[in-house]
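Student: Can you keep this structure in mind? I'll have questions shortly.
The values are calculated or read from the model by the stated rules, or taken from the named source; none is laboratory data. Small disclaimer: the values here were computed from a predicted structure and weren't measured. As a convention, Cβ positions derive from the backbone with ideal geometry for all residues, glycine included, and neighbour counts pool all protein chains shown. SASA here: full protein model, heavy atoms, side chains in, ligands and nucleic acids out. Shrake-Rupley method; radii C 1.70, N 1.55, O 1.52, S 1.80 Å.
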Amino acid sequence: MMAQDIGWLKPPLVDSSSTPSIYRMTRRGNLSQLLTLKTFRAGEWIVEKLLAAAGMISILFIALIFVFLFKEALQFFKTVSPMDLIGKWVYDEYDEKWVFKTMWQAISSVPKYSLLPLLCGSFLVAFPSTVISAVFGIGCGIYLSEVASDKTREVLKPTLELFAGIPSVVIGFFMLMVAATPLQDIFHTKFRMNAFVGALGVTIVAFPIIVTLVEDSLRAVPKALREASYALGATRWQTIWRTTLPAAISGVSAACILGFGRALGETMIVLMVTGNAALVTGNVFSTVRSLTANIAAEMGYVEHQSEHYYALFLVGAVLFVITFVLNIFAEIILNRMRRKLRM
Amino acid sequence: MTTALLAIPNLQARRINVLEAVFMAILHFLAYLPVCALVLILGKIVHSGIGVITWEFLTQAPVEGMTKGGIFPCIFGTLSITLLMILIALPIGVGAAIYMVEYAKEGVWVRVIRAAVNNLAGIPSVVFGLFGMGFFILFVGHHLDEVLRTGLLFGKPCMLWAAATLAILVLPVIIVSTEEALNAVPQSHRSASMALGATKWQTIRDVVLPQAKGGILTGAILAISRGAGETAPILFTGCAYFLPRLPIVKLFGIIPMINPMDQFMELSYHIFIMATQSTNAQKTMPIQFGTTLVLISLTFFLNLGAILLRSHYRKSLGQVTLQ
């Protein structure tokens, strides 16, 4: 009876004939066996250290990216003043006067490295796309978590995951070859390739991120809150709007922040469909060049350790800092929510 | 009097009902419009691309300035670079996750690794490309060439550096899914194994890992799919516009193997370059759609496999914990 009770404790996968067990070795206790025991312990130690090394390598690489990016970026200021990142006074020979130029023109007799047009471009793509994907993402997240039946969810969720798996170059290709011309006809824009087309493309990659996070944070809201709301006579929509959504609002805003970060970091779509002219503009239908597209477009022909090379690393560092801050911000919000919901 | 009193709540109730219906309709619209968009995009690509997919298209090299012929070198390049990438990323990622879950005590180090991994996942992919070019090629590569006196072997864009760059990019995917898989193994199984005299590593190898292998495999597939679709990190670390040969080297003069020191053609880069840089963008349109269809099918089936595998293992793990 007793033996039967503890029978399940038998390790099903440890084959004692092939793996040396301490029990077998210490029972006999002769020298050769003790030696095996020692190598055995050494083996354990080596495995642990190897695994720790793998962990270290992961940290090492992020530290390396950080250090390397900033080391190269700071070299830029050896030859160029920080003021140039905003604009530069250039003598205009036609008008015969000095003008303040805010442009990115790295290949020129007077190179100009203003970040304003690039920041403008990134923002003009990322902001509209975040707004659109937030509207659809929050709606879809609510639907998945509060309205959809289990069966619908089982179909819809994997579909959205497949959505997230589409390579961004494919979206860029689709926007460029299929969607750009009809969009130009609809909105009567001057340029076929503009920030808005890019924003629509980026929406497709930012949307799944927002949906997943919104759904997760809505599901984290305790059931008791909803039931209390229903018990007070609220309808389903009233419960969602007045109870569930406010309770999950920090998760929802973190989702939007992360979506914005993803949109800022998107490269291929923006590179392919926004036209890449570095303009300082507030017009969504204008052609723009983003921080990411700028790196991708110019890195190919840059000369190693030139001013231009360091300038591109500076752009990379700016991008790194922006996304880093957004991530930390979202993480803090999410942590606060987790703590609150646990209470 | 009574009828009037009854009529007011009724009216209100009806208004609420109408509002409820409107909001639900909006919610359905918001949820299903993106799905329709997805179907539309995929449908258009399949419709335009299926016509050019033939056996020759998949197995032959491009000819006549890439306006005709197949895309075999791109398929070969994508497969070999993702293979190389996963060979680099999997041991590091799985090792790091095992260390974090099984060995490290919850403390500063684990928090640092976790924060590093989280932030690694948020960095734009083009920054990885920048890092890969600056660090791997121009820094590590050049110094290796100087020390080993190999001329220009390591200090140029090639598959090894492209794969290393992608490996860092997909590291978070592998670490997070491995961690999740390890955490899903019940603590009692570990205790039981240790109580029987198995050492820590024996427990991990023979009890924990066999149960977690489904989750780890899922992570690996997702990483492969992610790596196969990324373009920005490999733009300047190893992709070639056109190569007349496959990146293959004969080991000892006889055994053919992938040459990690060579450049390569790649599906996603091929799409990008054909759509934006080629002079015959209109003429090669069918080829571009065909290439896109191949890339999409590749990532689609990888992701589908990962999703099915994950749901399968979640179900079987659920049964284990129920016992």
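Student: Identify, from the list B:ILE113, B:ILE137, B:ILE71, the residue that is over 27 Å from B:PRO247 (Cβ atoms) and either open to solvent by 20 Å² or more (accessible area, probe 1.4 Å) or among the β-branched types (Val, Ile, Thr) (or both).
Tutor: Unique residue meeting the criteria: B:ILE113.
Student: Could you give me the residue pairs with C-beta distances under 8 Å whose first residue belongs to the range B:291-310 and is among the charged types (D, E, K, R), whose second residue is buried (at least 16 other Cβ atoms within 10 Å of the Cβ) wherever it lies, and which are 6+ apart or on separate chains?
Tutor: B:ARG310/B:GLY214; B:ARG310/B:GLY215; B:ARG310/B:THR218
Student: OK, next. Would you check if there is a residue in the range B:182-197 being open to solvent by 10 Å² or more (accessible area, probe 1.4 Å), more than 9 Å from every other protein chain (Cβ to nearest Cβ) and under 20 Å from B:ILE92 (Cα atoms)?
Tutor: yes
Student: Here is a follow-up. Go through (1) in contact with a Ser or Thr (Cβ under 8 Å, 6 or more places away or on another chain); (2) in contact (Cβ under 8 Å) with a residue 60 or more places away in the chain; (3) open to solvent by less than 10 Å² (accessible area, probe 1.4 Å) one by one and return the number of the condition A:ILE295 breaks.
Tutor: Result: A:ILE295 passes all but (2).
Student: Go through (1) at pLDDT 90 or above; (2) open to solvent by 40 Å² or more (accessible area, probe 1.4 Å) one by one and return the number of the condition A:LEU245 breaks.
Tutor: Of (1) at pLDDT 90 or above; (2) open to solvent by 40 Å² or more (accessible area, probe 1.4 Å), only one is false for A:LEU245: (2).
Student: Within the group B:LEU38, B:LEU27, which residue is assigned to a helix (DSSP H, G or I), modelled with pLDDT of 90 or more and not hydroxyl-bearing (Ser, Thr, Tyr)?
Tutor: B:LEU27
Student: Taking the stated definitions as given, is B:PRO34 in contact with a helix residue (DSSP H, G or I) (Cβ under 6 Å, 6 or more places away or on another chain), within 12 Å of chain A (Cβ to nearest Cβ), buried (at least 16 other Cβ atoms within 10 Å of the Cβ) and closer than 20 Å to B:ALA228 by Cα?
Tutor: Taking the combined requirement at face value, the residue does not satisfy it.
Student: Further question on the same structure: Consider B:THR218 against the criteria (1) over 30 Å from A:ARG41 (Cα atoms); (2) open to solvent by less than 20 Å² (accessible area, probe 1.4 Å); (3) within 11 Å of chain A (Cβ to nearest Cβ); (4) not in a loop (DSSP other than H, G, I, E, B): it satisfies all of them except one. Which criterion is unmet?
Tutor: Going through the list (1) over 30 Å from A:ARG41 (Cα atoms); (2) open to solvent by less than 20 Å² (accessible area, probe 1.4 Å); (3) within 11 Å of chain A (Cβ to nearest Cβ); (4) not in a loop (DSSP other than H, G, I, E, B), B:THR218 breaks only (3).
Student: Residue check: is A:GLY251 crowded, with 21+ Cβ neighbours inside 10 Å, more than 19 Å from B:LEU235 (Cβ to Cβ), more than 10 Å from chain B (Cβ to nearest Cβ) and touching a residue at least 12 places away in the same chain (Cβ under 8 Å)?
Tutor: In short, yes.
Student: Run B:PRO157 past the list (1) more than 7 Å from chain A (Cβ to nearest Cβ); (2) open to solvent by 20 Å² or more (accessible area, probe 1.4 Å); (3) assigned to a helix (DSSP H, G or I); (4) under 25 Å from A:LEU314 (Cβ atoms) and report the number of the one that doesn't hold.
Tutor: The single condition B:PRO157 does not satisfy is (3).
Student: Follow-up question, since we're still on this one. Tally the residues that are surrounded by fewer than 24 Cβ atoms within 10 Å (Cβ to Cβ) and of a type in the set (Gly, Ala, Ser), restricting the search to the range A:255-277.
Tutor: Selection size over the range A:255-277: 2.
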